[in-house]
Amino acid sequence: MSRGLLIILSGPSGVGKGTIRKYFENNRKLNLAYSTSMTTREPRNGEIDGKDYFFTTREKFQEAVRNGELLEYAEFVGNFYGTPLSEVERLRDEGKNVLLEIEVQGAKQVQKKCPEAISIFIIPPSMDELEKRIRGRKSEPEEVIQERLAKAASEMKMVPDYKYIVCNDDPKLAAELIETIILRNIELEKNK
Ligand code: 5GP
């Protein structure tokens with residue numbers, strides 16, 4: 001059995017990475033496993049510990065960094081986010097294609113450590129639309145929204161570092177395009 005692919009799904013906060021990911025939940029063809037991240041952010045309404053994130057303290061997060069337990073990590077709008085390395089390795093060794101839904105600083109670290117990773121950047125149809133989506137979550141104070149918007153503008157500059165760019169005008173279409181990208185890469189890997 002061959003080792004699974006590593007797929008990076010990145011793009012600015014609010015672009016719809018999480019919504020797109022949900023389209024893959026029951027997709028057997030892709031043989032995907034989602035890597036659950038660790039974060040120091042407070043859970044939003046409805047978020048489940050161990051499913052959406054492993055919610056943790058700054059102390060525990062820093063301990064994981066010191067112990068080399070994270071494949072990558074980044075500070076994003078005052079909170080830390082990181083990918084547990086052992087889980088990614090275990091799933092890939094089992095032949096699963098592992099999907100990382102991460103922001104751009106972390107994606108850069110993964111691209112460096114794992115040059116075989118398939119990198120996909122999701123762009124919004126416009127920056128106005130992105131603002132609407134970030135505001136639509138209604139879960140954060142205005143200052144955090146402003147920070148996320150400012151960050152999004154700089155995140156968009158990372159587009160050239162990615163192999164595939166997908167516009168999320170319609171999440172179903174974006175998910176279908178990403179499915180095509182992943183299926184083609186599975187095929188290419190098989191023929192290696
Ligand atoms: P949110 O607070 O909206 O859930 O996430 C903020 C940003 O952090 C999003 O762009 C999300 O994709 C990203 N993110 C989630 N998990 C990770 C992770 O493990 N590592 C990195 N670098 N970014 C992450």
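Assorted remarks:
- Carbon/sulfur fraction of accessible area - segment 5-93, other protein chains in place, 1.4 Å, %: 46
- Fully extended contour minus Cα-Cα distance, from Ala150 to Asp93, at 0.36 nm per residue: 16.7 nm
- Whether segment 51-126 is rounded, prolate or oblate, judged on the alpha carbon gyration tensor where a/c under 1.5 counts as rounded: oblate
- The chain: C-alpha gyration tensor shape, a/c 1.5 cut-off, then a/b vs b/c: oblate
- Of the DSSP H helices in the chain, those whose Cα atoms cover at least 15 Å axially and whose Kyte score averages -0.5 or more: 171-190
- Candidate cross-link partners of Lys157 among the lysines, defined by an alpha-carbon separation under 17 Å and a same-chain spacing of 8 or more, comprise Lys108.
- Among Lys51, Lys96, Lys17: highest mean-square fluctuation, GNM of the chain, C-alpha pairs under 10 Å: Lys51
- The stretch between Lys157 and Glu47 holds 36.6 nm of extra length on full extension. This uses 0.36 nm per residue minus the Cα-Cα distance.
- Segment 80-140 versus segment 155-192: alpha-carbon centroid distance in Å: 12
- Calculated accessible area for segment 6-190 comes out at 53 Å² per residue, all protein chains present (probe 1.4 Å; ligands, DNA, RNA ignored).
The values are calculated or read from the model by the stated rules, or taken from the named source; none is laboratory data. If you're wondering where the values come from, they're calculated on a predicted model, not measured in any experiment. Side chains are part of the model used for accessible areas, which takes the heavy atoms of the whole protein and leaves out ligands, DNA and RNA. Shrake-Rupley method; radii C 1.70, N 1.55, O 1.52, S 1.80 Å.
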